[in-house]
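The values are calculated or read from the model by the stated rules, or taken from the named source; none is laboratory data. What you see is a predicted model, and the numbers here were worked out from it, not measured in a lab. Don't worry about glycine lacking a Cβ; one is built from the backbone with ideal geometry, like all the others, and counts go over all protein chains shown. To get the accessible areas, we keep the full protein, side chains included, count just its heavy atoms, and leave off ligands, DNA and RNA. Shrake-Rupley method; radii C 1.70, N 1.55, O 1.52, S 1.80 Å.
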Amino acid sequence: MARVLTPRAEDFPRWYQDLIAKAQLADNGPVRGTMVIRPTAYAIWERIQSEMDARIKDAGAENAYFPLFIPESYLTREAEHVEGFSPELAVVTHGGGKQLAEPVVVRPTSETVIGEFMAKWIDSYRDLPLLLNQWANVVRWEMRPRIFLRTSEFLWQEGHTAHASEADARAYAKKILHEAYEDLMVKVLAMPVLVGRKTNRERFAGATNTYCLEGMMGDGKALQMGTSHELGQNFAKAFDIAFSSASGGREHAWTTSWGTSTRMVGGLIMCHGDDSGLRVPPALAPIQAHVMVVKGGDGVGEAAAQLRDDLKAAGVRVGFDDRVDTPFGRRAVDAELKGYPIRVEIGPRDLANGNVTVARRFDGSKTSTPLAGVVAAVTEALAADQQALYDQALAHREANTHEVKTLAEALAASATGWARLPWSAVGTEGEAEANKSAVTVRCLIRPDGTVPDSENEPDLVAVLGRSY
């Protein structure tokens, strides 16, 4: 195929921007920092939504919707929270041609407004746990925007829950972390995320614990793919989210919040994309197999339509392209750019020989396949390539994660990848020093790879790197 993208190895940021434009994924919005998500990328986001929504509901949460506008006074009730978000807030001071009696904030996140209503809806321990989720947009005024990664407005889901005990809240925050987020990212996005705990310096404003999922991108940098927070009783006390206990006393609830966003689309691009464009994992792909007519005539269109129907009947998500008035090479490049996992190409010569060409996006291979064996070949290739993408991403992460002993070695290793070293060799002072070089502690993990509850646990491992 002709070169249409800047090579990743030559200029990774330019490659990323080229791919977004050439694959028609998104465009810059009319207000600085906003984005327009085009149909190809929005279809991917819809698939992520569908898969994530099912997992969230399996965890017992129910969907609701809360207002976009939040009274400014709500944010000031939790001091650490408002301090953490104040530089990013968009505030409305006028409406209906008049100055508002109280400014309203365009939601940066919804802990405060949902906390207000949790306080109204919870009275007894019998009302707990209260498990809520909403799909919405949020606004955080971004100074250095980059499409999908950092935009002033983005789409996400945010979950908010209230529990009778700290142990219940912690268990649920981890349930979402592993059973909703990690499960989707590994099994559907084919991304080997590192799951750990944020340091106190990096945790969410107002939280007592922040758990995270970190993905390594193609250039060795980290991208935070999602977070799940224990909020302790901070917001419960600020909004009086209290309940009558079984013993008859009055207690404050323990709350959590958790979220993932359209940032996952950016992570998908940078984790799996190559010099020919996007590679969408088959389990995620809106179009898993793209049936393409190379040239019309001699019954090709009819045979292609039958192949489309046979693949659909087998449960494959199918695209169909019979635009023979457009050069086939241009259409094939477009399909590669958009990352369709499989192309099934059929022309008069193929049909005369009773074959089609099955092209796999993962490795660029092309195989002449008998018509009768196309469905089996496609379904086998989809399963194999889902695993192959994960394995390739994992191998990349392992090859670019370096075991070191000192902070100086960690800073050097972070130039091209991640560094692992004892948290005791970094500490809060070393973390502050690393931040001066734009290196952060991405997460803390236990020696066995599990997620710690506190950064004060013994023998913790710190993972450092540069990030988006």
field: Long-range neighbours under 6 Å by Cβ, at least six apart or interchain, first residue farther than 18 Å from residue 16 by Cβ and open to solvent by 30 Å² or more (accessible area, probe 1.4 Å) within segment 35-52, second modelled with pLDDT of 95 or more and not in a loop (DSSP other than H, G, I, E, B)
entry: 51/184
message: Looking at 202, 158, 179 in this structure, which one is under 15 Å from the mean Cα position of the chain (by Cα), open to solvent by 10 Å² or more (accessible area, probe 1.4 Å) and under 23 Å from residue 110 (Cβ atoms)?
response: 179
message: Against the definition (surrounded by fewer than 23 Cβ atoms within 10 Å (Cβ to Cβ), modelled with pLDDT under 95 and among the aromatic types (Phe, Trp, Tyr)), how does residue 135 come out, yes or no?
response: no
- prompt: Under the condition of being open to solvent by 50 Å² or more (accessible area, probe 1.4 Å) and touching a helix residue (DSSP H, G or I) at 6+ places or on another chain (Cβ under 7 Å), which residue from segment 295-330 is modelled with the lowest pLDDT?
  reply: 298
message: Return the pair list, or none, for Cβ contacts closer than 8 Å from residues in segment 387-404 that are of a type in the set (Lys, Arg) and in a helix (DSSP H, G or I) to residues that are surrounded by 17 or more Cβ atoms within 10 Å (Cβ to Cβ) and at pLDDT 95 or above, at least 6 apart or on different chains.
response: 397/192; 397/194; 397/216; 397/418
message: Can you tell me which condition residue 101 does not meet? The list is (1) among the hydrophobic types (A, V, I, L, M, F, W, C); (2) free of Cβ contacts under 8 Å to residues at least 60 places away in the same chain; (3) open to solvent by less than 30 Å² (accessible area, probe 1.4 Å), and all the others hold.
response: (3)
query: Quick one: in segment 67-116, which of the residues that are at pLDDT 90 or above and among the polar types (S, T, N, Q) is nearest to residue 240 (Cα to Cα)?
result: 112
message: Looking only at segment 53-79, count every residue that is under 28 Å from residue 266 (Cβ atoms) and either open to solvent by 40 Å² or more (accessible area, probe 1.4 Å) or part of a helix (DSSP H, G or I) (or both) and tell me the total.
response: 12
task: Give the residues of segment 227-263 that are over 18 Å from residue 109 (Cβ atoms), open to solvent by 10 Å² or more (accessible area, probe 1.4 Å) and not aromatic (Phe, Trp, Tyr), sorted by residue number.
output: 233, 237, 240, 244, 245, 246, 247, 248, 249, 250, 251, 252
message: Can you list residue pairs whose Cβ atoms sit under 8 Å apart, with the first residue in segment 297-321 being without any contact (Cβ under 8 Å) to a residue 24 or more places away in the chain and on the phi < 0 side of the Ramachandran plot and the second being in a loop (DSSP other than H, G, I, E, B) and open to solvent by less than 40 Å² (accessible area, probe 1.4 Å)? Count only pairs 6 or more apart in sequence or on different chains.
response: none
